Amino acid sequence: MASGEWGGKVSDARIRSYRDLTIWQDAMTLAETVYRLTSAFPKDELYGMTSQMRRASVSIAANIAEGHGREHTKPFIQFLRIAQGSLKELETHFLLAERVGLLASEQTAEPIIQCTSLGKRMRSLIRSLQERIGATKD
């Protein structure tokens, strides 16, 4: 299956690149948010929570891009699943950062909503791709 056949539209244009995927665009926006929020973390968190949150956020967009670049549906699905795992990891980091006082609830509310929305859309894309190839949900 050619990469342009993976559905999703940006202004009625076919997907020609991973950059056209709205899930990748939203993952990049989420990563930007993480970088901005963690820049205010204490220096002693540089190799702790700061690094963990940044790594997880970058991993989401990177895995979407890498999977799309494989140009086959099954590997794309696998990389989307890896991106989902990174997304859940990031969401957990947001919750912990709030619990330990690194972020206020006002700072985590919107990113957590973004995580939830992105996760739902990734699951929907995975299901759609599985249906196209006749795979089971597992």
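If the condition is being part of a helix (DSSP H, G or I), surrounded by fewer than 17 Cβ atoms within 10 Å (Cβ to Cβ) and small (Gly, Ala, Ser), then the stretch 31-73 contributes 48, 51, 69.
Every residue, every condition in (1) at pLDDT 95 or above; (2) of a type in the set (Val, Ile, Thr); (3) touching a strand residue (DSSP E or B) at 6+ places or on another chain (Cβ under 6 Å); (4) at positive phi, yes or no:
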| site | (1), (2), (3), (4) |
| --- | --- |
| 9 | no, no, no, no |
| 18 | no, no, no, no |
| 29 | yes, yes, no, no |
| 33 | yes, yes, no, no |
| 41 | yes, no, no, no |
| 45 | no, no, no, no |
| 52 | yes, no, no, no |
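Cβ separations smaller than 8 Å between residues 6+ apart or across chains give the following pairs from the stretch 55-82 residues that are over 16 Å from residue 119 (Cβ atoms) to residues that are hydroxyl-bearing (Ser, Thr, Tyr): 65/18; 68/3; 68/17; 68/18; 69/3; 69/18; 71/3. Cβ-Cβ contacts under 8 Å between residues 6 or more apart (or on different chains), taken from a first residue in the stretch 16-34 that is closer than 20 Å to residue 103 by Cα to a second residue that is loosely packed, with under 15 Cβ neighbours inside 10 Å, are listed as 33/110. Residues that are touching a Pro at 6+ places or on another chain (Cβ under 9 Å) and part of a loop (DSSP other than H, G, I, E, B) occur at least once in the stretch 80-102.
The values are calculated or read from the model by the stated rules, or taken from the named source; none is laboratory data. Keep in mind that what you see is a predicted model, and the values were worked out from it rather than measured. Cβ: placed from backbone, ideal geometry, glycine included. Neighbour counts: every protein chain shown.
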